[in-house]
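The values are calculated or read from the model by the stated rules, or taken from the named source; none is laboratory data. None of these values were measured; they are calculated from a predicted model. Cβ: placed from backbone, ideal geometry, glycine included. Neighbour counts: every protein chain shown. Remember, those area values only see protein heavy atoms, side chains included, never the ligands or the DNA or RNA. Shrake-Rupley method; radii C 1.70, N 1.55, O 1.52, S 1.80 Å.
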Amino acid sequence: MTTHADSGSTRLIPVPAFSDNYIWLLRKGNHAVVVDPGDAKPILEQLNKHQLTLDAILVTHHHPDHVGGVQALKDTTGAIVYGPLGEKIPACDIRLKEGDEAPLDKLNLTLSVLDIPGHTAGHIAYFGYLDNDQPVVFCGDTLFAAGCGRLFEGTPSEMVNSLAKLQALPLNTLVCCAHEYTLSNLKWALEVEPGNPVLQKRWETCRQQREQGQPTLPSTIGIEMETNPFLRPLQQPVIDSAQRYAGKPLSSAVNVFASLREWKNNF
């Protein structure tokens, strides 16, 4: 991917907010885009500190911890606000559905939209390629590191379909989800698959990262497919554990997923 000599490469920065949120900031030269700004303050601090122009605000769904800072950032910077077609988003300029694109010209980046309902009814994700053809997806609260979002407005079937769309992305796709839930998710995942050596290694790595104050994100689709029970409902150890929790045979990936989600809700 060619870039202007003075613009440098795109930087992907997880900006902490609240107790466990990340607002994703994309920087290229003196231009920036943010994803799911639940709070304007930490983003305004970044913009001022690095003398950045905020060109766009991308929103995945309507929950307050994802949209709480949108209006203030819009008022302060005039950035274009992109959001899901089917949800009420503050100050939304352009409403998107699957197949649409968000052109971020100053970053030399175009993100395509996926409909991924389940956590909310109109939840969307943004997928594209950064410099050096590095794929990235901003998936809000649908897919987490070793977990997935609670089903506030959707069904297990919808969420399984949504996760399948994310699983179909390139294995090296950076998974930029919106919460630092990784350690608690991994504790649960180890209950589901105690014999998974990749999962055991991931637990040690992420535990060390958090002890050093580092984010565990972004993850990748490949890592999630090896260690996230919600992406492994057809793996026999996951089926066996889900059936033990449910106390009955489970005949489909959706039924296994539903058992896993109930287990995680009560973990």
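Taking the stretch 47-99 only, how many residues are outside any helix (DSSP H, G or I) and charged (D, E, K, R)? Before you say what the answer is, go through the steps one by one.
Keep residues of the stretch 47-99 that are outside any helix (DSSP H, G or I), which gives 51-63, 68-69, 78-99.
Filter once more, so that each one left must be charged (D, E, K, R): 55, 87-88, 93, 95, 97-98.
The qualifying residues number 7.
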Residues in the stretch 81-98: is at least one more than 20 Å from Gly154 (Cβ to Cβ), open to solvent by less than 10 Å² (accessible area, probe 1.4 Å), touching a helix residue (DSSP H, G or I) at 6+ places or on another chain (Cβ under 7 Å) and modelled with pLDDT of 95 or more? yes
What's the total number of residues in the stretch 175-210 that are more than 20 Å from Lys264 (Cα to Cα) and either buried (at least 19 other Cβ atoms within 10 Å of the Cβ) or free of Cβ contacts under 8 Å to residues at least 24 places away in the same chain (or both)? 8
The residue from Lys248, Lys264 that alone is open to solvent by 50 Å² or more (accessible area, probe 1.4 Å) and basic (Lys, Arg) is Lys248
Is there a residue being under 27 Å from Thr155 (Cα atoms), at pLDDT 95 or above and open to solvent by 40 Å² or more (accessible area, probe 1.4 Å) anywhere in the stretch 125-134? no
